[in-house]
1. Identify all residues within the range 1-28 that are surrounded by fewer than 22 Cβ atoms within 10 Å (Cβ to Cβ), under 32 Å from the mean Cα position of the chain (by Cα) and more than 15 Å from the ligand (Cβ to nearest atom); write none if there are none.
2. Please list, ordered by first then second residue, the pairs with beta carbon atoms under 7 Å, 6 or more apart or interchain, first in the range 125-139 and not assigned by TED's automatic domain parsing to the domain that holds N111, second assigned to a strand (DSSP E or B) and within 10 Å of the ligand (Cβ to nearest atom).
3. Kindly indicate the residue of the range 419-433 that is surrounded by fewer than 16 Cβ atoms within 10 Å (Cβ to Cβ) and not hydrophobic (A, V, I, L, M, F, W, C) and also nearest to S405 (Cα to Cα) among those meeting that condition.
4. Restricting the range 313-334 to residues that are in contact with a Gly (Cβ under 9 Å, 6 or more places away or on another chain) and among the charged types (D, E, K, R), which is least open to solvent (accessible area, probe 1.4 Å)?
5. For the range 112-138, name all the residues that are assigned to a helix (DSSP H, G or I) and open to solvent by 10 Å² or more (accessible area, probe 1.4 Å).
6. Out of contact with any helix residue (DSSP H, G or I) (no Cβ under 9 Å at 6 or more places or on another chain) and of a type in the set (A, V, I, L, M, F, W, C): is that true of A396 in this structure?
7. Need at least 2 residues that are under 23 Å from G143 (Cα atoms) and within 14 Å of the ligand (Cβ to nearest atom) per element, so show me which helices (runs of 4 or more DSSP H) inside the range 29-111 make the cut, counting only ones lying wholly within it.
Amino acid sequence: MAQARIGLIGLGTMGAALALNIAEKGFPIAVWNRTTEVTRRFAAEAGPLAPRVIPAGTLEALVAAIARPRTIILMVPAGEAVDAQLDALAPLLEADDLVIDAGNADFHDTNRRDEAGLPFRFLGMGISGGEEGARHGPAIMGGGAAADWDRVAPVMTAIAARAEDGAPCAARMGDAGAGHFVKMVHNGIEYADMQMIAEVYGLMRDGMGLEATAISRIFEGWNGGILSSYLVEISAAVTAARDPHTGAAMPDVILDRAGQKGTGRWTAIEAQHLLAPIPVIEAAVMARNVSARLDERDAGQARFGAGAGPCALEPAALEQALIAGKILCYAQGFAMIGAASDSFGWTLDLPQIARVWRAGCIIRSTMLNDMAEALAEDPGRNLILAPFFAELIDRAMPALRQVVSQGIAAGHPLPALASGLMWFDMMRTARGTANLIQAQRDFFGAHGFERLDGIADRHGPWGGTD
Ligand code: NDP
């Protein structure tokens, strides 16, 4: 059999889908899985793609099956499994071979591996789109040396999703951990997007008393407008679906405890390190954590009574609120990426990131086209100040304010939407209240402050000194 163009380790959900995608695009691929039976079954079930799939029973056989210089994709759980595989490959590979960690690695780990001086070339790669994306076209965010990316770019651009203009959603983001960093922020935004949709769902269900099918039709309508996106589309689909066991609407039979694998939390933690405000994402992470505390929430309801009461809102206002919330959330996410770029010396290309997210990934949406354009006009400007988005905000903000204030007055938890609004109001307040914080800090810690009038006195008359 002809030598493989590329190899892949880990034929789980993502690895299997990615391997078939690669084979389908014409690249012979050698595959190995820790559990040998999985490799055998994968090859047996590859159907018409089988001639381009080379199953390997051992790591040595995998390495031997790949044309030099070799490229091997790792698709195993992040963390120890990646380190174990890198260790196992070390004695088998040559200096010019390339290993790509395509799992959801913590970007700090990718940086560490990059700096550790592995005995082969190394790329960290974020892949988004779930199983379906991996099979038919994911968004791909690469990190590492440009020459290494260039080597695999023909494969990556061939298997990636394509935006409406035909551009492949695959690009090198920057050095080392940059690809996994961008993927991490993507996931943080994903948490926030999902949470805001869930909040308006809650207002419709508990405040407006709408049944799931009615909510589905509203989501479907929104998906035809500026909110057109994968997450709104699947929200329409899941609210329309009926439970085959009971006939009830599917969301009504699902426990309201949200799981997480940690990338949203990583985003929130990293934002704190970077001093980058991302309150909508932080609120979404917090909301998942609160959702997990079922017993406490039960006790809370028993003691204080259920919060969410009737709330007279129009779907059009909710749509506008979601538009505003989404813009604010993305503005925060892109600003965080900008902060990381400065802090880590990565020169991350914000418009390119928006373009890569336009298709294939979970947060794909029509609005990302406009974001890419707005960021290209001036990557250093906050997205809310781009004329296109400033005008959208002008139109949508009254609705966000109305939805949040009415919803909160009626007892609905709206952490993400409200956090967006709070951030926006701070962002448009030229003279805020940190003057008082500074006075307090000087009072108790003699930290000093800057004066508005230029007088050269950094302390108040309360005894603080330099
Ligand atoms: P799965 O659990 O479906 O598959 C894991 C694979 O890794 C299996 O092939 C398993 O082999 C192998 N594996 C596990 N531990 C080891 C180890 N110690 N050494 C060697 N191989 C090992 O995971 P997914 O495919 O869902 O995820 C893979 C990576 O992709 C993860 O980093 C995940 O976060 C990321 N990812 C997942 C997405 C998704 O939607 N599922 C989306 C984007 C990224 P075995 O058969 O022997 O158990």
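The values are calculated or read from the model by the stated rules, or taken from the named source; none is laboratory data. All figures in this text were calculated on a predicted structure; none of them were measured in a lab. Please note: Cβ atoms are built from the backbone with ideal geometry, for glycine as well, and neighbour counts cover all protein chains shown. Protein only, heavy atoms only, side chains kept; ligands, DNA and RNA dropped before computing areas. Shrake-Rupley method; radii C 1.70, N 1.55, O 1.52, S 1.80 Å.
1. R5, E24, K25, G26, F27, P28
2. Short answer, once both residue conditions are applied: none.
3. D425
4. This residue is K326.
5. Listed by number, the residues that qualify are R112, D114, E115, G130, E131, E132, R135, H136.
6. Judged against the criteria, A396 is not a match.
7. Details: elements: 36-44, 59-65, 80-89.
In the range 29-111, 80-89 are the helices (runs of 4 or more DSSP H) which contain 2 or more residues that are under 23 Å from G143 (Cα atoms) and within 14 Å of the ligand (Cβ to nearest atom).
Residues are listed down the side, and each one gets a yes or a no for (1) in the same structural domain as Y330 (by TED's automatic domain parsing); (2) crowded, with 16+ Cβ neighbours inside 10 Å; (3) acidic (D, E); (4) not in a helix (DSSP H, G or I):
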site: D252; (1), (2), (3), (4): yes, no, yes, no
site: D256; (1), (2), (3), (4): yes, no, yes, yes
site: A268; (1), (2), (3), (4): yes, yes, no, no
site: E282; (1), (2), (3), (4): yes, yes, yes, no
site: M286; (1), (2), (3), (4): yes, yes, no, no
site: G300; (1), (2), (3), (4): yes, no, no, no
site: G307; (1), (2), (3), (4): yes, no, no, yes
site: C311; (1), (2), (3), (4): yes, yes, no, yes
